[in-house]
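A.B. asks: Take a look at this one; I'll ask things after.
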Amino acid sequence: MVLSLCFLGTFPALLTLLERRGRLPQHTYLDYSITNFLAAVIIAFTLGEVGKSSDASPNFIQQLSQDNWPSVMFAMAGGVALSLGNLSSQYAWAFVGLSVTEVLICSIIVVIGSTLNYFLDNKINKAEILFPGVACFVIAVCLGSAVHSSNTADNKAKLNSLSANSDKELKPIDVAGFPSRVESTDPENADGSLRKAEAGTADFLVQLENRRSIKVFGKGTVIGLCLTFFAGVSLSLFSPAFNLATNDQWHTLKKGVPHLAVYTAFFYFSASCFVIAIVLNIIFLYRPLLNLPKTTFKAYLNDWNGRGWAFLAGFLCGFGNGLEFMGGQAAGYAAADSVQAFPLVSTFWGVVLFGEYRRSSRRTYVLLVSMLFMFTAAVGILMASSGHRKP
């Protein structure tokens, strides 16, 4: 679960880095999806084949031919929920910021997902500890929304005060009338001008907007928050669906058919996630969202700018999810949701790599610290609720 936390906290930073460098999110997500599925295949053919196979505990290959389709469908439904949630998150990071987006999403995941998992797991987690932790996540959601609003106000103030004596490539900006797109050179080959401005300044914000692929100036904050909450609700369903796939609490399997092993369920889970991601992003190549430029499948194949980072992000997410499910099968899926602490890792990368919240107001800093404190407390309480699944 600790490894899962680190992996899941790092992959969003890599995807955000590529978007800020101008790589189209459709290209990035297609690359990411390939290695995300490959991670599940590796887990299935290694850990899924370890140990002696038997009728009661079959290995991965043996389970592929068994009549376990009800559980397979639950696993695949979880994969669809994960794919839609991660796809929405990729766009939400641009509007709301990596730090706040991840805290909001993960808090929603815990509030909905952990509650469902508690009842699905036959209440093996300590309710008197679990639900106060869930309440702390609710408070973290409220604080996260406040941080986003405060930071947006700070950025507007910075842009309004942008000096007319700025660098020649920059112009004073009327935030209220800022166009939906900023004229710039080819974003795929943007130069390093972003480094000329100090993080947190108005010049930095304008240079970032010129370079990034998803243009956010002039768009309402409601778009970002709607994307964030949709992602949170979608992602809150994948863990309960996976729980049903591996433990068959609703008794959908025929008598004598063994439950899906974690590794087999994760394979089906990732396969459906992969298919949905590929289909949607190929559509988005030609019918992009949020006024992004159109592209083609051929252009995607030829786009090697940052492809290695996208592949790495897919591996990190794939292995992170696999490790989370292994922990959930052992200690209860409600307690395994403690890996949703990964926004603490994402916030570190957001501040260090992307200069988020630099030169913000004292109010924003107070709200940010309060949000992270409440989030940390909630995760600790959630981990303390761990139980032990009976064989």
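The values are calculated or read from the model by the stated rules, or taken from the named source; none is laboratory data. Just so you know, these numbers come straight off a predicted model, no measurement behind them. Heads up, the Cβs are rebuilt from the backbone with ideal geometry, glycines too, and the neighbour counts pull from every protein chain shown. Side chains are part of the model used for accessible areas, which takes the heavy atoms of the whole protein and leaves out ligands, DNA and RNA. Shrake-Rupley method; radii C 1.70, N 1.55, O 1.52, S 1.80 Å.
Let's see how each residue does on (1) touching a Gly at 6+ places or on another chain (Cβ under 7 Å); (2) hydrophobic (A, V, I, L, M, F, W, C):
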site: Val100; (1), (2): yes, yes
site: Leu104; (1), (2): yes, yes
site: Ile112; (1), (2): no, yes
site: Tyr118; (1), (2): no, no
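A.B. asks: Within segment 44-64, does at least one residue satisfy the condition of being at positive phi and modelled with pLDDT under 95?
C.D. replies: yes
A.B. asks: For segment 271-287, does any single residue satisfy the condition of being open to solvent by 40 Å² or more (accessible area, probe 1.4 Å), under 26 Å from Gly224 (Cβ atoms) and either outside any helix (DSSP H, G or I) or touching a Phe, Trp or Tyr at 6+ places or on another chain (Cβ under 7 Å) (or both)?
C.D. replies: yes
A.B. asks: Please state which of the following conditions Gly232 fails to meet, knowing it meets all the rest: (1) closer than 30 Å to Ser150 by Cα; (2) outside any helix (DSSP H, G or I).
C.D. replies: Result: Gly232 fails condition (2) only.
A.B. asks: Going by the structure shown, is Ala56 among the aliphatic types (A, V, I, L, M) and in contact with a helix residue (DSSP H, G or I) (Cβ under 7 Å, 6 or more places away or on another chain)?
C.D. replies: For Ala56, the condition - among the aliphatic types (A, V, I, L, M) and in contact with a helix residue (DSSP H, G or I) (Cβ under 7 Å, 6 or more places away or on another chain) - is not met.
A.B. asks: Of all residues in segment 288-301, count the ones that are assigned to a helix (DSSP H, G or I), farther than 28 Å from Phe7 by Cα and open to solvent by 70 Å² or more (accessible area, probe 1.4 Å).
C.D. replies: Number of matching residues: 2.
A.B. asks: Somewhere in segment 199-214, is a residue modelled with pLDDT under 80, out of contact with any helix residue (DSSP H, G or I) (no Cβ under 9 Å at 6 or more places or on another chain) and on the phi < 0 side of the Ramachandran plot?
C.D. replies: Within segment 199-214, none of the residues are modelled with pLDDT under 80, out of contact with any helix residue (DSSP H, G or I) (no Cβ under 9 Å at 6 or more places or on another chain) and on the phi < 0 side of the Ramachandran plot.
A.B. asks: Right, next: For the structure I just gave you, tell me whether Leu120 is touching a Phe, Trp or Tyr at 6+ places or on another chain (Cβ under 6 Å) and either open to solvent by less than 10 Å² (accessible area, probe 1.4 Å) or on the phi < 0 side of the Ramachandran plot (or both). Steps first, please.
C.D. replies: Working: touching a Phe, Trp or Tyr at 6+ places or on another chain (Cβ under 6 Å): no; either open to solvent by less than 10 Å² (accessible area, probe 1.4 Å) or on the phi < 0 side of the Ramachandran plot (or both): yes.
Against the criterion (touching a Phe, Trp or Tyr at 6+ places or on another chain (Cβ under 6 Å) and either open to solvent by less than 10 Å² (accessible area, probe 1.4 Å) or on the phi < 0 side of the Ramachandran plot (or both)), Leu120 does not qualify.
A.B. asks: Residues being β-branched (Val, Ile, Thr), under 22 Å from the mean Cα position of the chain (by Cα) and open to solvent by less than 50 Å² (accessible area, probe 1.4 Å): count how many of those fall in segment 352-380. Spell out the reasoning first.
C.D. replies: Step one: of segment 352-380, the residues β-branched (Val, Ile, Thr) are 352, 364, 366, 369, 376, 379.
Cutting the leftovers down to under 22 Å from the mean Cα position of the chain (by Cα) gives us 352, 369, 376, 379.
Restricting the remaining residues to those that are open to solvent by less than 50 Å² (accessible area, probe 1.4 Å) gives 379.
Counting residues in segment 352-380 that are β-branched (Val, Ile, Thr), under 22 Å from the mean Cα position of the chain (by Cα) and open to solvent by less than 50 Å² (accessible area, probe 1.4 Å) gives 1.
A.B. asks: Tell me whether segment 60-72 contains one or more residues that are of a type outside the set (Lys, Arg) and under 30 Å from Gly350 (Cα atoms).
C.D. replies: If we filter segment 60-72 for residues that are of a type outside the set (Lys, Arg), which is where we start, we get 60-72.
From the residues that got through so far, the ones that are under 30 Å from Gly350 (Cα atoms) too are none.
Looking through segment 60-72, none of the residues is of a type outside the set (Lys, Arg) and under 30 Å from Gly350 (Cα atoms).
A.B. asks: Quick check on segment 68-80: of everything there that is crowded, with 24+ Cβ neighbours inside 10 Å and not aliphatic (A, V, I, L, M), which residue is farthest from Val233 (Cα to Cα)?
C.D. replies: Taking segment 68-80 as the starting set, the residues that turn out to be crowded, with 24+ Cβ neighbours inside 10 Å are 68, 71, 74-75, 78-79.
Of the ones still in play, those that are also not aliphatic (A, V, I, L, M) are 68, 71, 74, 78-79.
Numbers: Asn68: 27, Ser71: 22, Phe74: 17, Gly78: 12, Gly79: 14 Å.
Residue satisfying both the conditions and the ranking: Asn68.
A.B. asks: Any idea which of Ser99, Ser65, Ser83 is buried (at least 24 other Cβ atoms within 10 Å of the Cβ) and over 22 Å from Ala140 (Cβ atoms)?
C.D. replies: On the way: Ser99 fails: over 22 Å from Ala140 (Cβ atoms); Ser65 fails: buried (at least 24 other Cβ atoms within 10 Å of the Cβ).
Unique residue meeting the criteria: Ser83.
A.B. asks: Same structure again: For segment 130-141, enumerate the residues that are at pLDDT below 80 and open to solvent by 50 Å² or more (accessible area, probe 1.4 Å).
C.D. replies: Val138
A.B. asks: To continue, here is another question. State the number of residues belonging to segment 256-293 that are at positive phi and touching a Gly at 6+ places or on another chain (Cβ under 8 Å).
C.D. replies: The initial filter retains those residues of segment 256-293 that are at positive phi, namely 256, 290-291.
Add one more test, that the residue is touching a Gly at 6+ places or on another chain (Cβ under 8 Å), and what stays is none.
Final tally of qualifying residues: 0.
A.B. asks: Are there any helices (runs of 4 or more DSSP H) wholly within segment 1-90 with 1 or more residues that are closer than 21 Å to Leu292 by Cβ and touching a residue at least 12 places away in the same chain (Cβ under 8 Å), and if so which?
C.D. replies: Passing ranges, in order: 2-20, 25-46.
A.B. asks: While we're looking at this one, here's another question. Counting just the residues of segment 160-175 that are touching a helix residue (DSSP H, G or I) at 6+ places or on another chain (Cβ under 9 Å) and either basic (Lys, Arg) or at pLDDT 75 or above (or both), which one comes out least open to solvent (accessible area, probe 1.4 Å)?
C.D. replies: Result: Asn160.
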